[in-house]
Amino acid sequence: MSFALETAAHPENLRRVAIDPVSRVEGHGKVTILLDDKNKVHQVRLHIVEFRGFEKFIQGRPYWEVPVMVQRLCGICPVSHHLAASKALDAIVGAHHLTPTAEKMRRLMHYGQILQSHALHFFHLCSPDLLFGFDSDVSKRNIVGIAEKHP
Amino acid sequence: MEAATKPKLRVATTSLAGCFGCHMSFLDIDERLFDLVKLVEFDRSPLTDIKHCGPCDIGIIEGGLCNAENVHVLREFRANCKTLIAIGACAVNGGLPAQRNHLSLASILEEVYHAQHGLVDGFIPNDPELPLPLDKVHPIHEVVKVDYFIPGCPPSGDAIWKVLTDLLAGREPELGHGLIHYD
Amino acid sequence: MSQNNNQPASFELDGKTIPFQAGQTIIQAAMAAGVYIPHLCFNPEFKPHGSCKLCTVKANGRQTASCTQQAQAGMVVESDTKELNDERRALLQMLFVEGNHFCPSCEKSGNCQLQATAYEMDMMSPHFDHFFPDRPVDASHAEYLLDFNRCILCSLCVRASRDVDGKNVFALSGRGIKTHLIVNARSGHLADTDFSGADKAAQVCPVGVILKKRVGFAVPIGERSFDQQPISATPHPMKQEG
Amino acid sequence: MTSESAKKSPMTILKNIHAEYLEPILQHHRHSVNNLLQILREAQEHYGYIHADAIDHLSVALSVPRAKIEGVAGFYSFIYLQPRGEYRVLFSDNITDRMLGNQGLLTSLCSQLWVEPGKISEDGLVSIATTSCTGLCDQGPAMLVNNIAVNRLTQERINAIAELIRERVPLAAWPADFFAIEDNIRRKDILLSTELTPGAALSAALQRSIEATLHEIKTSKLRGRGGAGFSTGMKWELCRNAPGDHYVVCNADEGEPGTFKDRVLLNSYADKVFEGMTVCARVIGARKGFLYLRGEYRYLFDHLQAVLSRRRQQNLLGQGILGCADFDFDIDIHLGAGAYVCGEESALIESLEGKRGTPRNRPPFPVTNGYLDQPTVVNNVETFAAASLIALNGGDWYAAIGTSVSSGTKLLSVSGDCAHPGIYEYPFGTSVAQVLADCGASDTQAVQISGASGVCVAAQEFGRCIGFEDLPTAGAFMVFDHSRDMFEVARNFVHFFAHESCGFCTPCRVGTSLLSNMMDKFSHGHGSPYDFAEIENLNGLLQSMSHCGLGHSACNPVLDTIAKFRPAYDQRMVHQGYVPAFDLDRALSQARQMTGRDDTGAHLERDHESK
C-alpha cells in the first residue's frame, strides 16, 4: 500500500522545528517538522543524514574481506551485516546448503546480538523515557540520571 | 578512584561519520560507568538529550569527516572543549569510510542512486536538509587540532577506560601491548 | 673495555654487552643476543637493504642504520632512547599516511609487522595528513592476491624472488613518492609471471600485500602471532601466518 | 633478421620495427646490461618512448627480466614508457627561470598548441611540461625540446617555436641561434686563463714518478669541487692503494639548481678535464674512465666525443699514451636521463651500471668498492680540470692561491638579479660582496650559495667568504633583489627535492612530500604556528635519518629563509590556531555539482580557527 507522502504545498512560509540530532538512539538522524501558525503540522521528515558509499567501495575488494568491512556499517548491529554478507558469499562460493552447525552458529550470533542490542537500547537509551517520562527534565533524562535514581 | 573532591569534569561526546561502535564500546566499561559518573558529567552526547555542546573539559569524537555537518559539529566541539579526544579508527585515520577516497564522489553517488539494479529512475538527493558529502573522507586531526587518540575499531572498553583514567589523573595516556589495537 | 683474546669481541648496546662475530652487523649481533631493535625491511635471511630506517641507532654518537653498520669492538650503541623512539614513531606515521592501511578490514592484521612495530612504538595516531593514494589490487593469480595499497617498499619480495627463487618476479619502478612495486610481466599481472605459492617471495611480505587467497581471517582475533606477544618478544616471526 | 622470420605474422612484423633500431644500439653497447640506461636513452631518441615490444626485445637480447628494464626506465624523468608526443617540450623550472617569467611563456605555448601542461596534444604531436634546472640560468628562461637545450626564451621565440612544431619542422631545421648556448665567462683566473696545450700536463706527470704526481696533488691541498670538499689527493691515494681494477669517473651530472660551470668547462675547456682524468688514471692505475654527463647537456655530446677522438689521435688516450707502453686509458661518455640524485657519487655509479640511481649503503665508499665493486675515483669536472694544471705547474703553485684551508680557485655560476650573469672564477676567500659588485647586482636581498642544498645568505652576511671554512659551494650563486619573495624561493627548492628524491628511504621519500605540502599550505594562506613547529620537527627527522645528502639538505632552504626572512612567513601565517591544509568549501564542490545545490547548507566557511 503506498500513498503520496504528505508534502507541504508551500513549505517556505511554514515554521520549521528540528530535532537535530535525534539522540538516545544508535545512528544519525534528524527530524524536521513544518507547522503553520496555528501549529498544524503540514510535513514531517526523518532525514537519514549519513552517506558513506559502502555499496561502491567494497567493489574491487577481495570477497572474503567484505563481511569484515560491512560490520562497520553499524556499531550496534555489526553481526547482522556480517552475516548478511556471509549469506551473499555462500552464493558466490556455492555453499548453498549450510551445515547444521553453521546454521546454528549464525542463529546463535543473531540472538546474541539481539540480546545485547536490545538490552543496551532499553536500559541505556530508552529507560529514561519510561522511568522519568517523556517530558521530564532534560538534564536528568539519561543513563546518569537513571544511575543516580535507581542504582 | 579517589573520592570526587574536585568539581565534576564536563564531558561531551559525538559520533560524526562513525557507526556508534565506539560509543557502544564505551558503554562496555559496564559497572565502571558508575565510578566514572562520580567524576564526570555529560554534556551533549548521543547518550543524553543535550543537542549542542556547551563549554566542556573533554570532548570525545567518534567518526571521521564524511560530510559538511560533521565539520560543523567537530568545529563546535573544538571551540567548546578544552581537550579533544579522537576515539576509534574513523576519527584517528579515516577508518573504513575513507576506503572511498580513491574513488571520485561522482562515481559513488552514481552507483548508489542511479545504477543500482531495482532503482527506477533514481536521482541523487538534493534536499537542503541533507548535508553534502565531502569529496574525500578525512580523519579529524586533518581539520582541527586533536589532543589525544584512542585507536581501535572499536577500541576495547578497557582501552577507553585506561586512557580516560590516565587523563583524569593527569598522566600521559599509555596503552601498551594488549590494549593498543588498530583493528 | 680491553678485549683479551679468548673472549669474543663485543660492543655495548644500551648498557648491555653484546658479543659479535667478525662481519656481523649491529642488528644481527643484537638479535642473536635476544635484544630487539625495531626494523621492517631487515630480515635475517636476506642481504640488508637499509631503506626503512626504523633500525637507526646512535653508534659512537653518529646515527646509522644498524642493519648495515658493521659491529666494531668497543662501540657504544644507543637504541632504546626517547629521541630515537620518537623518530621511529614518526617514520611509522609516515608509512601509515603514505599508503592505504585500513587495519579493521585487513586480513594481515595481527600478523602484520608494520602494525606490530607501531604498537611497540606506542603509535596512537598517524599525526600527518594522509596521502590516500590510488593503488591497484591484482587478483589475476589463481592462488595469490597482490594489494599494493599496503606496500611499504621494503623490497623483501624483490630480494626473495631474486636471491632465493631466482625468478625476479618483483622489482621497484618509478621514483620518489611515485616509487611502486611492479611484476615481471608485460601485462603487469601476477598471473602472467612464473610466480608460485611455493616461492620464498610468497612468504616474506611483512605487511598485507602478497596474500594467499581465501584463507584470510582464518585465525581468530586473540590467537594471531602478535596478539599473543609483542613483536619485541618474538625472536623473529619465522613461521609466517596467512 | 632472426631465423623465424619465415613466418611473418603481424606480431613479428611489429616486433621487427623495434628490432631494426635496437640491434645496432645493442651492438654498439656490446649487449652489456651495464649500458642499459644508454641503450634506453638511444632507443628513445629513435622511437620517442620505450615501447612494450622494445622492452620485450631488450629483455631477450640482454637476458634480463623485463621488470628490471621497466624498473630502470621508470626511475629516470627523461625515459618514457608511454608516448609523449613527437615534440617533448620541457620548460626549465628553476627559481631563476621563474624570475625570468617562464610560467607565462609556458601558458602561452600551451594555448597556442592546444595542449594542457603535463598532457599530450590530441594528435600526439606535442607534450609540454616542466623539468628541474637545466643549467642555463645565465641565459634563461630555457627549455629542452627532445632533450636539446633552447635558451633565451621570449614571447617571439615561443611564437616561432609554436609555429615550427605545428609545421612539424625537424629540430635540425630550427634556427641555429635557438640552440646557441653561450659561455658567458665574465672573470677568469688561473683555471680559465692558464694555457694548457693538450698533453703538456700528461708529459709533465710522466716525467715524474707516479708517487711524485700524487704528492703534487696532495701538496696543492686541492679539495673536491662538487661541494663535499673531500681532499682529492687523499681520495686518489685511498683508491690507488685498494686492490682491483681501477676506474676514473668524472661527475658531470651538475643537477644542483643554479649551477652551470661544468657546462662551460666541458664546452670550452674539455681538454683540461680529460687531461685531469688521464693524470688521475696514471696515478691510480686505471685503464677505464667514464664521463657521466647530465641528460640536459645532450647538446654537448658530439662535441665531447670529437675532443676524445682528437685526443686519441694525439696519443693522449687509448693504447700506450705518449709512448708509455704500460699506460693505456680510454674514456666513455655516459649520458644521464634526468635524475638529480645521480650527482651523489654512489648513485652515479649505480646509474653507470645501468641501474636505478639509488645511493648505496656507505661504508664501503667508492674509492674501495665503486664501479662494478672495484676501486673508483669519482671527482667533479672542475676538480679534474684543476688537477691537470697542478700536474703541469706543481702543487705549491696551487696551494699559494686562495686560503690555507681552501686552496686554489672556485668557478662560480652567477645568475638571478644581476646585470652580468655568467661564470666568475675567484680565488677562495673572496667575499660575497665582492662577487655582487663584479656581477652588477644592486638592491640585493639575498644570495643562495651552492644551490637548493646550499646556504641562503642575507644582506648582513655579504662579508662572508667563499671557502670550505665559511661558505662551501659547488658553484651556484643565485642573486635575489628585494622584489623577490624568499618564501617562494624556498618553496621552489622544496618541490625540487620532493621531485628528485630517489624514494629509497622512508624519511626522505615521504618527508620531502610532507614538506612540500606544508609549504603549499602556507602558500594557500592556511599557515599557522602549528605548521612552523611541524616543519622544524620534520627537518630534525630528515637530517638525522635520511640515507644520503639529498634528504639531509632538503630542509636547508626552509630553515635558512625562516631564520633570515621570517616576515615572508609571518605575512603568510594568517592564523593563530591550526587550520586544515585544504579548502573545505572547495571540498564540497563536487557534491554541489552532482546535486545542483548552492544553498547556504551547501557551503562551509573556508577557514575556521581551532585553538
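Here are the numbers for the structure shown:
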read-out: Residue satisfying condition, being in a helix (DSSP H, G or I), basic (Lys, Arg) and under 14 Å from D:VAL377 (Cβ atoms), within set D:ARG310, D:ARG282, D:ARG263; value: D:ARG282
read-out: Test: residue in the range D:216-230 that is of a type outside the set (Ser, Thr, Tyr), assigned to a helix (DSSP H, G or I) and more than 28 Å from the chain's Cα centre (by Cα); value: yes
read-out: Strands (runs of 3 or more DSSP E) contained in the range C:1-83 and holding at least 3 residues in contact with a strand residue (DSSP E or B) (Cβ under 6 Å, 6 or more places away or on another chain); value: C:10-13, C:16-19, C:56-59, C:76-78
read-out: Selection status of D:ARG294, modelled with pLDDT of 95 or more and under 15 Å from the mean Cα position of the chain (by Cα); value: yes
read-out: Qualifying positions in the range D:529-561 - in contact (Cβ under 8 Å) with a residue 60 or more places away in the chain, buried (at least 20 other Cβ atoms within 10 Å of the Cβ) and in a helix (DSSP H, G or I); value: D:LEU550, D:SER553, D:ASN556, D:PRO557, D:VAL558, D:ASP560, D:THR561
read-out: Which listed residue, of C:SER125, C:SER161, C:SER173, is small (Gly, Ala, Ser), within 30 Å of B:VAL143 (Cβ to Cβ), in contact with a strand residue (DSSP E or B) (Cβ under 6 Å, 6 or more places away or on another chain) and not assigned by TED's automatic domain parsing to the domain that holds C:PRO44; value: C:SER125
read-out: Any hit, the range A:71-89, residues being in contact (Cβ under 8 Å) with a residue 60 or more places away in the chain and within 26 Å of B:CYS90 (Cβ to Cβ); value: no
read-out: Output for the range D:432-468, where each listed residue is surrounded by 18 or more Cβ atoms within 10 Å (Cβ to Cβ) and of a type in the set (Ser, Thr, Tyr); value: D:THR444, D:SER450, D:SER453
read-out: Top-ranked residue in the range D:129-150 [being modelled with pLDDT of 95 or more and small (Gly, Ala, Ser); ranked as nearest to D:GLY101 (Cα to Cα)]; value: D:ALA142
read-out: Wholly within the range D:47-107, helices (runs of 4 or more DSSP H) carrying at least 1 residues that are away from chain C (no Cβ under 11 Å) and in contact (Cβ under 8 Å) with a residue 24 or more places away in the chain; value: D:52-61, D:95-99
read-out: Answer residue from the range C:128-143, given it is under 18 Å from B:HIS102 (Cβ atoms) and more than 8 Å from every other protein chain (Cβ to nearest Cβ) and is surrounded by the fewest Cβ atoms within 10 Å (Cβ to Cβ) among those; value: C:PRO136
read-out: The range B:153-166, residues that are surrounded by 24 or more Cβ atoms within 10 Å (Cβ to Cβ) and outside any helix (DSSP H, G or I); value: B:CYS153, B:PRO154, B:PRO155
read-out: Exclusive hit being facing chain D (nearest Cβ under 10 Å) and in contact with a Lys or Arg (Cβ under 8 Å, 6 or more places away or on another chain), set B:ASN101, B:ASN126, B:ASN67; value: B:ASN126
read-out: Condition broken by C:CYS154, with the remaining ones in (1) more than 26 Å from A:GLN59 (Cα to Cα); (2) at the interface with chain D (Cβ under 9 Å from one of its Cβ atoms); (3) crowded, with 22+ Cβ neighbours inside 10 Å satisfied; value: (2)
read-out: Conditions (1) surrounded by 15 or more Cβ atoms within 10 Å (Cβ to Cβ); (2) over 21 Å from B:ASP30 (Cα atoms); (3) within 14 Å of chain B (Cβ to nearest Cβ): number failed by A:ARG106; value: (3)
read-out: Residue among C:LEU172, C:LEU92, C:LEU146 that is surrounded by 21 or more Cβ atoms within 10 Å (Cβ to Cβ), in a strand (DSSP E or B) and more than 7 Å from every other protein chain (Cβ to nearest Cβ); value: C:LEU146
read-out: Selection count, the range C:103-127, where residues are at the interface with chain B (Cβ under 9 Å from one of its Cβ atoms) and either without any contact (Cβ under 8 Å) to a residue 40 or more places away in the chain or not in a loop (DSSP other than H, G, I, E, B) (or both); value: 13
read-out: Residues satisfying the stated conditions in the range D:296-306, i.e. under 17 Å from D:LEU352 (Cα atoms), surrounded by fewer than 24 Cβ atoms within 10 Å (Cβ to Cβ) and in contact (Cβ under 8 Å) with a residue 60 or more places away in the chain; value: D:ARG298
read-out: In the range D:399-432, the residues that are aliphatic (A, V, I, L, M) and either part of a strand (DSSP E or B) or in contact with a Lys or Arg (Cβ under 9 Å, 6 or more places away or on another chain) (or both); value: D:ALA399, D:VAL405, D:LEU411, D:LEU412, D:VAL414, D:ILE423, D:VAL432
read-out: Residue count for the range D:586-606, restricted to those that are more than 7 Å from chain B (Cβ to nearest Cβ) and either surrounded by 15 or more Cβ atoms within 10 Å (Cβ to Cβ) or of a type in the set (Gly, Ala, Ser) (or both); value: 2
read-out: Out of C:ILE177, C:ILE210, sole residue that is buried (at least 19 other Cβ atoms within 10 Å of the Cβ), facing another protein chain (nearest Cβ under 7 Å), on the phi < 0 side of the Ramachandran plot and in contact (Cβ under 8 Å) with a residue 40 or more places away in the chain; value: C:ILE177
read-out: Odd one out for D:PHE487 among (1) in a helix (DSSP H, G or I); (2) in contact (Cβ under 8 Å) with a residue 60 or more places away in the chain; (3) under 30 Å from C:CYS154 (Cβ atoms); value: (3)
read-out: Failed criterion for A:LEU120 (all others in (1) more than 10 Å from chain B (Cβ to nearest Cβ); (2) in contact with a helix residue (DSSP H, G or I) (Cβ under 9 Å, 6 or more places away or on another chain) hold); value: (1)
read-out: D:SER351 vs. criteria of a type in the set (S, T, N, Q), over 28 Å from D:MET99 (Cβ atoms) and outside the structural domain of D:LYS235 (by TED's automatic domain parsing); value: no
read-out: Test: residue in the range B:136-143 that is touching a helix residue (DSSP H, G or I) at 6+ places or on another chain (Cβ under 6 Å), at the interface with chain C (Cβ under 10 Å from one of its Cβ atoms) and charged (D, E, K, R); value: no
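Matching residues to (1) out of contact with any Cys (no Cβ under 6 Å at 6 or more places or on another chain); (2) within 25 Å of A:ASP20 (Cβ to Cβ); (3) without any contact (Cβ under 8 Å) to a residue 12 or more places away in the chain; (4) assigned to a loop (DSSP other than H, G, I, E, B):
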position	(1), (2), (3), (4)
B:LYS38	yes, no, no, no
B:THR48	yes, yes, yes, yes
B:ALA79	yes, yes, yes, no
B:THR83	yes, no, no, no
B:SER107	yes, no, yes, no
B:GLU111	yes, no, yes, no
B:LEU134	yes, yes, no, no
B:VAL146	yes, yes, no, yes
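The values are calculated or read from the model by the stated rules, or taken from the named source; none is laboratory data. Please read these numbers as outputs of a predicted model, since none were measured by experiment. Glycine also receives a Cβ, built like all others from the backbone with ideal geometry; neighbour counts cover every protein chain displayed.
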